[in-house]
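Comments concern the structure below.
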Amino acid sequence: MSEDTVSPYDEAMEALSSLITKRSRADKSNKGDRFDLLFDYVKILELEEPIKQMKIIHVAGTKGKGSTCTFTESILRNCGFRTGLFTSPHLIDVRERFRLDGLDICEEKFLEYFWWSWDRLKERTSDEMPMPTYFRFLALLAFKIFAAEQVDVAILEVGLGGKFDATNVVENPVVCGIASLGYDHMEILGNTLGQIAGEKAGIFKSGVPAFTVPQPEEAMSVLEQKAAELDVNLQVAAPLDPSLLSSLHLGLEGEHQYLNAGLAIALCSTWLQKTGRVGINYLNQTTSLPEEFIKGLATASLQGRAQIVSDEFIENDNPGDLVFYLDGAHSPESMDVCANWFSIATKEGYIVPNNQTYNDSKALHESGQNAPFRKKSTQILLFNCMSVRDPQLLLPRLVNACASHGVHFNKALFVPNTSVYYKVGSVAPPAADAQVDLSWQIALQRIWENLVIAEKGRDAKNAELTTCEAVNDDTEKGANGSANSTVFTSLPLAINWLRDSARKNQSVRFQVLVTGSLHLVGDVLRLIKK
């Protein structure tokens with residue numbers, strides 16, 4: 001295919017990109033932005049009856065909702081049901097958002113349903129009823145895909161908030177879930193946990209049972225109040241007891257996942273009960289779990305959350321010399337969780353749960369390459385976050401939580417994201433002479449430098465490992481550099497610097513934590529996986 005030829009898939013991505021509003025999500029006028037239009041779009045796409053017939057599990061929350069949905073889908077798929085899972089955001093390809101029976105929708109089916117929906121909406125929309133915005137179109141597309149593919153269960157992860165989220169056109173779900181609540185998207189959802197809980201509780205429907213996890217008192221009282229108003233039987237799902245897994249491990253890493261797994265078990269059990277499914281003994285989860293539930297929990301996988309990937313492009317004989325630990329944490333609470341996971345994972349070496357799909361790490365064991373385990377290791381942070389986040393809350397939480405495990409970063413690298421926010425499926429390497437605005441990354445660096453100065457009693461052994469001597473060419477391209485941190489003008493430059501450092505310091509294993517933004521995680525995965 002010549003460079004001038006646009007593939008059918010690229011054509012669809014161009015069309016989808018045209019729906020991305022140039023307004024910031026923090027724009028106050030976005031709140032509830034003509035939510036009623038969604039019901040008009042549903043009519044245009046002839047989805048009213050199919051959505052009513054769908055057996056839906058609807059999940060909101062600040063953190064853990066994606067993991068909860070992933071566990072839920074895996075459990076019900078292992079129970080023998082045809083599953084549809086809609087999540088956000090995607091990391092590399094927009095088709096990741098639409099999973100059928102645990103797999104991303106294939107390109108052929110995606111294009112069929114995309115253009116069917118696109119053409120009908122284009123025909124009927126006008127100045128008074130414009131085309132849906134980006135996320136709304138994707139949610140509508142999910143309903144079209146799941147209806148056409150006749151899934152037994154549709155699991156929907158709320159995109160943002162709950163009350164005015166595009167997924168909330170659902171009027172009769174089988175069961176609802178609220179994962180852990182915390183401070184995120186305050187510019188839209190409110191500044192208190194109570195206000196945030198009120199927005200999330202917007203997915204509650206009259207008489208539809210709902211589950212949540214243990215919440216802060218302020219949030220729980222609002223959830224209970226909203227539930228009472230709608231005659232919703234709201235119950236708190238207990239965290240999963242690890243002993244019920246029959247010596248297997250959860251497919252998703254981290255202690256916090258037992259909370260999400262407990263919520264998923266409650267949602268699945270209620271869905272089975274409410275839809276009259278028989279043949280699976282699911283009711284007594286306190287003392288035992290059905291085999292299908294255990295298998296579902298153990299085989300669940302989710303990209304970009306507690307994911308360990310060794311760099312597949314580094315040109316040396318030791319594939320474990322440069323390992324990336326990727327987690328899309330972007331709230332203060334999730335920074336704690338991420339730091340705990342990273343600290344434990346780096347100390348344990350390449351430990352991955354059985355049934356996990358991280359072949360990168362497993363390959364190191366199988367290849368007999370034991371050299372990485374005998375080496376000294378140094379921890380590097382690769383970080384960016386969106387400007388609506390407060391790095392003064394995120395970075396100290398990360399540093400302090402790691403320090404409590406005796407883990408100290410030798411250096412921090414700050415980069416702009418490669419993804420172009422206004423264009424789907426594309427990356428934008430800056431032109432050689434392009435002026436990249438690095439003011440945000442430099443601000444992040446200043447916060448980091450102050451943290452390093454303030455941090456007392458740095459691990460002496462770690463301090464000796466000043467292995468990240470800047471590579472000459474890239475030092476000049478890095479906007480700001482010090483012994484503790486560097487700002488790079490692009491992510492590929494930062495990755496190249498890491499590869500060069502690993503090659504030049506072969507007695508050291510580089511363990512790189514990538515966090516702060518799921519966009520950044522996706523951009524890194526594009527560069528390090530073949």
(request) Place the peptides 157-163, 375-381 in order of packing, highest mean first, counting for every residue the other Cβ atoms within 10 Å and averaging per peptide. (result) 157-163, 375-381
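For the range 47-123, what class follows from the C-alpha gyration tensor (a ≥ b ≥ c being the square roots of its eigenvalues): rounded when a/c is under 1.5, otherwise prolate if a/b is larger than b/c, else oblate?
prolate
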(request) Find the Cα radius of gyration of the range 62-214, compare it with 2.2 N^0.38 Å by division, and give the number to two decimals. (result) 1.08
(request) Can you send over the solvent-accessible area of D36, 1.4 Å probe, protein chains only, in Å² to the nearest 10? (result) 90 Å²
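Whenever you get a sec, line up K52, K347 from highest to lowest accessible area (probe 1.4 Å, protein heavy atoms). Don't jump to the answer; show the numbers that get you there.
Working: K52 110, K347 130 Å².
Listed by decreasing accessible area, they come as K347, K52.
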(message) Solvent-accessible area of M129, probe 1.4 Å, all protein chains present, reported in Å² to the nearest ten, please.
(response) 40 Å²
(request) Between beta-carbons, use under 11 Å as the cut-off and find the net charge around V94, counting Lys and Arg +1, Asp and Glu -1. (result) -2
(request) With 29 Å as the limit, write out which pairs from K122/K274; K52/K423; K43/K200; K63/K122; K295/K423; K63/K376 have Cα-Cα distances beyond it, or answer none. (result) K122/K274; K52/K423; K63/K122; K295/K423; K63/K376
(request) Could you provide, to the nearest whole Å², the per residue accessible area of the range 197-237 with probe 1.4 Å? (result) 43 Å²
(request) Would you pull out the residues with amide H under 5 Å of K205's amide H, same chain only if 5 or more places away, H placed 1.01 Å from N? (result) none
(message) Check which residues have an amide H placed less than 5 Å from R82's amide H, if you skip close sequence neighbours.
(response) D152, V153
(message) I'd like to compare 232-245, 70-83: which one has the highest average count of other Cβ atoms within 10 Å, and what's the full order after that?
(response) 70-83, 232-245
(message) Need one value: the accessible area of V399 in square angstrom, 1.4 angstrom probe, rounded to the nearest 10.
(response) 10 Å²
(request) Provide the FRET efficiency to the nearest 0.05 for the S507-D33 pair, computing r from the beta carbons and using R0 = 45 Å. (result) 0.20
(message) What is the sum of charges, Lys and Arg at +1 and Asp and Glu at -1, for the other residues whose Cβ falls under 13 Å from the Cβ of L45?
(response) 0
(message) Once you order the gyration tensor axes a ≥ b ≥ c over the Cα atoms, which shape class does the range 194-333 get: rounded for a/c under 1.5, otherwise prolate or oblate by comparing a/b with b/c?
(response) oblate
(request) Please turn the phi angles of the range 246-257 into ³J(HN,Hα) values with the Karplus equation 6.51 cos²θ - 1.76 cosθ + 1.60 (θ = phi - 60°), one per residue in order, whole Hz, x for glycine and proline. (result) 6, 6, 8, 10, 4, x, 10, 7, x, 4, 4, 5
(request) Quick one: which residues, 5 or more positions from R509 or on another chain, have an amide H under 5 Å from its amide H? H modelled 1.01 Å from N in the peptide plane, none for Pro or chain starts. (result) K376, S377, T378
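The values are calculated or read from the model by the stated rules, or taken from the named source; none is laboratory data. For clarity, every value in this text was computed on a predicted model and none was experimentally measured. Because the Cβ atoms are built from the backbone with ideal geometry, glycine has one as well, and the counts that use them run over all protein chains shown. Heads up: the accessible areas ignore ligands, DNA and RNA and are worked out on the full protein's heavy atoms, side chains in. Shrake-Rupley method; radii C 1.70, N 1.55, O 1.52, S 1.80 Å.
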